[in-house]
Amino acid sequence: MKQKLIRGIRIFAGLFSLMGRCAGKSSTAYLLCALFLAVYPACSAWLLANITNAFAAARAEVWRWGVFYLVLLVLYHAVQAGSNIIRNTSIYDVCTSWCRQEFGKISAGLPLLAYEDSGILELQQRADECIEQEYLSQVYVRLINLITAVVSIGSVIGILASYHVMFCVIVPVSVLPFFLVKWISSRTVYRISRRQTGLRRKNKYLWELFFGKNSLKELQVMGSGGYLMRKWEDQQKALDQESWRCKQKESCALAGCGLIKLAGYVLAVLLTILLYRQSMISVGLVAACFTALKSAQDSMEYFLIDFGDLGEKMSVIADYFRYRELGTDDRIKTDRSEAALQELPEAVPEDRAGAVSEDAADVAFQRLTLKDLSFSYGNRGRILDRLNLEIRRGEKIALVGVNGSGKSTLIKLLLGLYPPQEGEILLDGKRIGEVSGYRKLFSIVEQDFMRYEFTLRENVAVSDLSRRGEDRQIYQALAEAGLPMEHHSLDEYLGKEFGQTELSGGQWQKLAIARAAFRGSPFYILDEPTSALDPQMENEILERFLGMICEKTALIISHRIGICRLVDRVVVLDHGKIAEQGSHEELLKKGGVYRSLYLAQEQWYRRS
């Protein structure tokens with residue numbers, strides 16, 4: 001219980017600190033408005049009693065009290081309107097935007113290996129829902145309302161207590177069941193929501209299939225859209241039914257609470273009439289008492305419902321703060337120093353945005369050494385098994401092997417995206433974790449490259465945004481990648497989402513190669529870079545690319561072996577180990593794994 005209390009206080013403190021950072025003075029203004037609205041019911045009841053007494057006594061001061069009451073009423077509506085504006089614009093909108101930006105930075109900073117953990121993915125899903133459903137803003141507003149409700153209820157109850165102490169018992173007891181129902185219901189809703197996180201992720205994936213251009217094409221051709229829609233409907237129905245049952249129980253219980261509240265109000269009215277008949281209160285106080293009773297009951301009802309409803313939302317907010325803590329958890333080592341999140345060009349100074357520093361571009365490393373490297377995904381066995389490899393500066397290496405041999409995993413470790421479970425990676429004898437700006441050494445083209453539906457300029461220069469104004473170099477990189485675009489404007493949008501120029505799969509892949517070439521790093525990694533092209537075109541592009549980076553280091557991963565004639569060394573990976581290595585001719589003479597791969601693909605590279 002003590003731990004839960006401490007945890008709740010930490011969440012409250014974190015929430016107020018967060019709102020202070022993202023909303024600033026608006027959060028203070030909202031609090032002041034809320035305090036004024038809190039004391040309004042007591043002030044209103046007091047003025048109304050004076051007006052009634054003055055009217056009953058036919059005193060001229062009734063007009064003065066009436067003016068005060070009207071001024072208070074105008075102020076109430078003005079402050080309420082201002083409070084609504086602050087809440088909707090400066091609290092909800094600003095907070096949601098700020099948290100969404102922070103969420104994006106945290107997600108981009110997580111190591112790639114974290115995305116292999118379903119627990120982290122489900123925590124990410126709940127944190128995202130916390131932002132999208134504006135729970136942070138809602139709870140902050142409710143906490144402010146709860147604080148002011150205590151002031152409001154206390155002032156009204158104080159007035160009622162001056163009439164008779166029984167009012168202090170009847171009013172709270174008549175609305176207490178609202179709190180019990182909402183508290184139990186909110187905890188149940190959170191447990192259901194947490195249990196359903198995995199199924200909601202699956203259903204979200206199914207839903208997104210109906211809006212993806214590539215998936216939609218296959219759905220229409222294969223006729224599988226109806227099956228997937230029924231699958232989505234069945235899963236959504238299972239999700240909804242459990243929530244609906246909970247909501248139905250809550251609605252019935254709240255209806256019962258309403259009857260208890262009504263009975264309490266009737267009892268309080270009867271007590272008021274009794275006090276008047278016994279001449280314990282005046283006619284003016286009877287009217288004020290009725291107003292105060294209704295106000296106290298309503299205020300306390302809203303207070304208890306809001307307080308009881310915090311259970312679910314506070315649990316979701318706790319998930320959001322747990323996700324934020326991933327960025328500072330030593331067990332989840334985020335990559336802040338390597339600027340994992342590239343800001344949009346407009347948000348970053350010209351001289352800093354995504355730039356490859358001069359020091360990184362000119363690093364005179366001599367060798368990159370992989371020593372006794374091992375890695376596995378969970379309990380699925382070793383993908384890499386005590387692998388040893390040395391890459392020398394300026395060397396061109398082809399890494400080949402069948403699918404599943406560990407090629408792509410090796411690249412993720414080489415780039416520092418995955419930490420080695422055994423062994424180490426050394427740059428000139430120094431562990432890569434100790435090398436500042438290590439990833440700036442690399443330019444990479446992957447098989448699953450990004451298709452940025454931005455301008456042609458941004459698509460190339462996104463690898464080095466500090467040079468996005470160098471038009472000639474951008475066109476040159478495109479030409480060297482086999483995609484001459486001299487007749488196209490660099491500010492022309494690509495893709496049909498926002499522009500008019502659509503590229504073929506092969507053209508997009510050449511664009512990705514141009515992006516890497518424009519970056520100008522000393523070490524190039526190409527992971528199945530031309531898999532969308534035919535073998536002849538692949539050979540021509542890679543031959544041109546290797547000629548372009550003749551003084552630099554290159555590691556080319558492929559299950560095709562046509563490139564192997566063009567490199568200095570071929571490394572054959574088989575079941576996570578280096579089966580053999582050497583030049584193309586040397587490996588053919590050995591008659592091992594490489595020769596088998598070559599003979600299986602030889603007809604692809606025969607020239608007529």
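The values are calculated or read from the model by the stated rules, or taken from the named source; none is laboratory data. Remember, predicted model here, so these are calculated numbers, not experimental data. Don't worry about glycine lacking a Cβ; one is built from the backbone with ideal geometry, like all the others, and counts go over all protein chains shown.
Quick grid of which residues meet (1) buried (at least 16 other Cβ atoms within 10 Å of the Cβ); (2) at pLDDT below 80; (3) not assigned by TED's automatic domain parsing to the domain that holds Ala161:
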| residue | (1), (2), (3) |
| --- | --- |
| Gly20 | no, yes, no |
| Ala49 | yes, yes, no |
| Ala57 | no, yes, no |
| Gly66 | no, no, no |
| Ala78 | no, no, no |
| Ile91 | yes, yes, no |
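In this structure, is Leu503 buried (at least 22 other Cβ atoms within 10 Å of the Cβ), farther than 28 Å from Ile391 by Cβ and assigned by TED's automatic domain parsing to the domain that holds Phe545?
Here the answer is no, as Leu503 does not meet what is asked.
Quick one: is Tyr140 at pLDDT below 85, among the aromatic types (Phe, Trp, Tyr) and under 30 Å from the mean Cα position of the chain (by Cα)?
yes
Please identify the pairs in which a residue from the range 272-284 that is closer than 19 Å to Val169 by Cβ has its Cβ atom under 9 Å from the Cβ atom of a residue that is at pLDDT 80 or above and β-branched (Val, Ile, Thr), counting only partners at least 6 apart or on another chain.
Ile281/Thr272
Return yes when Phe518 is assigned by TED's automatic domain parsing to the domain that holds Lys412, closer than 23 Å to Glu470 by Cα, in contact with a Leu (Cβ under 6 Å, 6 or more places away or on another chain) and surrounded by 14 or more Cβ atoms within 10 Å (Cβ to Cβ) and no when it is not.
no
Can you find, within the range 459-508, the residue that is nearest to Leu542 (Cα to Cα) among those that are part of a helix (DSSP H, G or I) and in contact with a Pro (Cβ under 7 Å, 6 or more places away or on another chain)?
Per the stated criteria, the residue is Leu478.
Condition first: polar (S, T, N, Q), in the same structural domain as Ile317 (by TED's automatic domain parsing), modelled with pLDDT of 80 or more and in a helix (DSSP H, G or I). Can you find one or more residues in the range 203-226 that meet it?
Yes, the range 203-226 contains a residue that is polar (S, T, N, Q), in the same structural domain as Ile317 (by TED's automatic domain parsing), modelled with pLDDT of 80 or more and in a helix (DSSP H, G or I).
When you scan the range 526-547, do you find a residue that is under 31 Å from the mean Cα position of the chain (by Cα), outside any loop (DSSP other than H, G, I, E, B) and modelled with pLDDT of 85 or more, even just one?
yes
Quick check, is Ile557 in contact with a Gly (Cβ under 9 Å, 6 or more places away or on another chain) and closer than 24 Å to Lys371 by Cα?
yes
Given the options Asp372, Asp385, name the one that is under 38 Å from the mean Cα position of the chain (by Cα), modelled with pLDDT of 90 or more and more than 21 Å from Leu441 (Cα to Cα).
Of the residues listed, the single one that is under 38 Å from the mean Cα position of the chain (by Cα), modelled with pLDDT of 90 or more and more than 21 Å from Leu441 (Cα to Cα) is Asp372.
Here's the yes/no breakdown for (1) polar (S, T, N, Q); (2) in contact (Cβ under 8 Å) with a residue 60 or more places away in the chain:
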residue	(1), (2)
Cys22	no, yes
Leu37	no, yes
Cys43	no, no
Trp63	no, no
Val67	no, no
Leu70	no, no
Tyr76	no, no
Asn84	yes, no
Asn88	yes, no
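Of everything in the range 468-500, what is of a type in the set (S, T, N, Q) and either surrounded by 15 or more Cβ atoms within 10 Å (Cβ to Cβ) or not assigned by TED's automatic domain parsing to the domain that holds Glu540 (or both)? Give them in sequence order.
Those that are of a type in the set (S, T, N, Q) and either surrounded by 15 or more Cβ atoms within 10 Å (Cβ to Cβ) or not assigned by TED's automatic domain parsing to the domain that holds Glu540 (or both): Gln473, Gln476.
Can you name every residue in the range 90-113 that is under 30 Å from Ser44 (Cα atoms) and without any contact (Cβ under 8 Å) to a residue 40 or more places away in the chain?
none
Looking at the range 227-279, which of its residues are among the acidic types (Asp, Glu), at pLDDT below 85 and closer than 21 Å to Tyr205 by Cβ?
Asp240, Glu242
Restricted to the range 33-54, and to residues that are among the polar types (S, T, N, Q) and within 12 Å of Thr291 (Cβ to Cβ), which residue is nearest to the chain's Cα centre (by Cα)?
Only one residue tops the list, namely Ser44.
Among Ser27, Ser107, Ser44, which is the only one that is crowded, with 17+ Cβ neighbours inside 10 Å and modelled with pLDDT under 80?
Sole residue among the options that is crowded, with 17+ Cβ neighbours inside 10 Å and modelled with pLDDT under 80: Ser27.
Among the residues of the range 409-444, write down those that are assigned to a helix (DSSP H, G or I) and either assigned by TED's automatic domain parsing to the domain that holds Leu113 or surrounded by fewer than 18 Cβ atoms within 10 Å (Cβ to Cβ) (or both).
Result: Lys412, Gly433, Glu434.
From the list Leu465, Leu456, exactly one residue is surrounded by 19 or more Cβ atoms within 10 Å (Cβ to Cβ), assigned by TED's automatic domain parsing to the domain that holds Arg560, over 23 Å from Val567 (Cα atoms) and modelled with pLDDT under 85. Which is it?
Just one listed residue meets the conditions, Leu465.
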